[in-house]
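Chemist: The structure follows.
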Amino acid sequence: MSFSDEVRKEICANINDKDKRFACLYGMLLFSRTLTEERICFQSKSSIAADTFGEMFSAVFGSKPEFRISHVKNGKDMYIYDITDKELIQKIFVKYGFDGKERHINREIISIGSLGTFTAGVFLAGGSVNDPEKEYHLEFTSPEEKLAEELIEILSEIEISAGLTLRRSQFIVYIKGSESIEDTLTFINAQQCTLELINVKIYKDMRNKINRQTNCDNANISRTINVALKQIKDIELIAKTKGLDSLSDELRQVAELRLEDTSLSLKDIGESLEPPISRSGVNHRLMKIAKIADEIRNSGGQNGKK
């Protein structure tokens, strides 16, 4: 089951009283594909949304409208409810205050506590939300621009910022960002899906943190290895040209320890000396060795002991 269907399923399970059924059906009808005095058509590729429309309509009006399934090109079924009976359409228009001209959200017919359920109906009419594992994106489809703007206004009242775009002659109200989507899902009565999204986000954040740490560790390891290899090349050059005996005792001891075990850290080398010295002390001695090796390279004396 897709994450969108999980949201739809939870929404439908929470529509459990008369006011919520009325508000949910209002959202589904108002944002349906066709809403005129001649025809009302609700269609969805979601069987969950379609079943809910039929149940809500029966609960509010006492009968089910004509239903059919259309097979579309992409292989998915389209579930369609068609209402063409003029008397029934008139009854719907009167009950919900539709005027047949321009659609708009009439808040006066929705109880205050059912505004979220109305918005849930809008989601069932044409909403979707991406799998949070892949992307944070939720959207509502609106047949008219003014209707989309009114929905954005409702969302802004609960501090959810939404954008508007046009796609294939449909106005799309979209929401980005995990926190805004969490607030939207909670508002439309999909709290369990909100928790699921939060859990996914926590997991992703932890995974990204671990990846960043691993990358950082790998980079540090690579850097340490490269530095050690450079130190060994310097020491081997000195041994080949001048001989390690040419070094002072303190430099020779460090050079021999480095050649003896290339995996030793600067701290390990320092602790192996007698007397022990600090990490920075070892690094200082290795820098002196590097300087001697560079002088040999610059002088061209790399072909053996003189």
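The values are calculated or read from the model by the stated rules, or taken from the named source; none is laboratory data. As the structure is a computational prediction, the values presented were derived from the model and not from experiment. Neighbour counts run over all protein chains shown; Cβ positions are idealised from the backbone, glycine included. We work out accessible area using only protein heavy atoms, side chains counted, and drop any ligands, DNA or RNA first. Shrake-Rupley method; radii C 1.70, N 1.55, O 1.52, S 1.80 Å.
Chemist: Given the conditions (1) modelled with pLDDT under 85; (2) loosely packed, with under 12 Cβ neighbours inside 10 Å; (3) of a type outside the set (Phe, Trp, Tyr), and given that residue 280 satisfies all but one, which numbered condition is not satisfied?
Modeler: Residue 280 satisfies all of (1) modelled with pLDDT under 85; (2) loosely packed, with under 12 Cβ neighbours inside 10 Å; (3) of a type outside the set (Phe, Trp, Tyr) except (1).
Chemist: Please work out which one of (1) under 21 Å from residue 2 (Cβ atoms); (2) within 33 Å of the chain's Cα centre (by Cα); (3) modelled with pLDDT under 95 is the condition residue 28 fails and give its number.
Modeler: Single failed check for residue 28: (3).
Chemist: Okay, next question. So if I check each of 64, 95, which one is more than 20 Å from residue 187 (Cα to Cα), of a type in the set (Lys, Arg) and part of a loop (DSSP other than H, G, I, E, B)? Outline the logic, then answer.
Modeler: Numbers: 95 fails: part of a loop (DSSP other than H, G, I, E, B).
Every option except 64 fails the conditions.
Chemist: Here is a follow-up. Looking at (1) in contact with a helix residue (DSSP H, G or I) (Cβ under 6 Å, 6 or more places away or on another chain); (2) among the hydrophobic types (A, V, I, L, M, F, W, C); (3) over 25 Å from residue 145 (Cβ atoms); (4) not in a loop (DSSP other than H, G, I, E, B), can you tell me which one residue 49 breaks?
Modeler: The one condition residue 49 does not meet is (3).
Chemist: Could you list, in sequence order, the residues of region 48-71 that are open to solvent by 50 Å² or more (accessible area, probe 1.4 Å), within 39 Å of the chain's Cα centre (by Cα) and not basic (Lys, Arg)?
Modeler: Passing the criteria: 51, 55, 59, 67, 69, 71.
Chemist: Name the pairs: first residue in region 154-175 and farther than 17 Å from residue 126 by Cα, second residue open to solvent by 60 Å² or more (accessible area, probe 1.4 Å), Cβ to Cβ under 6 Å, at least 6 apart or on different chains?
Modeler: Listed pairs, sorted by first residue: 160/183.
Chemist: Please specify each residue of region 13-47 satisfying the condition of being buried (at least 20 other Cβ atoms within 10 Å of the Cβ) and out of contact with any strand residue (DSSP E or B) (no Cβ under 7 Å at 6 or more places or on another chain).
Modeler: 15, 20, 21, 22, 23, 24, 25, 26, 27, 30, 35, 46
Chemist: What pairs come up if the first residue lies in region 201-219 and is within 18 Å of residue 135 (Cα to Cα), the second is assigned to a helix (DSSP H, G or I), and their beta carbons are under 7 Å apart, counting only those six or more places apart or on different chains?
Modeler: That search, which allows pairs on different chains as well, returns 201/178.
Chemist: Could I ask something else about it? For region 93-105, which positions are under 18 Å from residue 144 (Cβ atoms) and either of a type outside the set (Phe, Trp, Tyr) or open to solvent by 50 Å² or more (accessible area, probe 1.4 Å) (or both)?
Modeler: So in region 93-105, the residues under 18 Å from residue 144 (Cβ atoms) come out as 93, 96-105.
Hits for region 93-105 are 97, 99, 100, 101, 102, 103, 104, 105.
Chemist: Would you pick out the residues in region 242-277 that are over 54 Å from the mean Cα position of the chain (by Cα), in contact (Cβ under 8 Å) with a residue 12 or more places away in the chain and open to solvent by 40 Å² or more (accessible area, probe 1.4 Å)?
Modeler: Step one: of region 242-277, the residues over 54 Å from the mean Cα position of the chain (by Cα) are 242-253, 274-275.
Adding the requirement that they be in contact (Cβ under 8 Å) with a residue 12 or more places away in the chain leaves 242-244, 247, 250-251, 253.
Hits for region 242-277 are 242, 250, 253.
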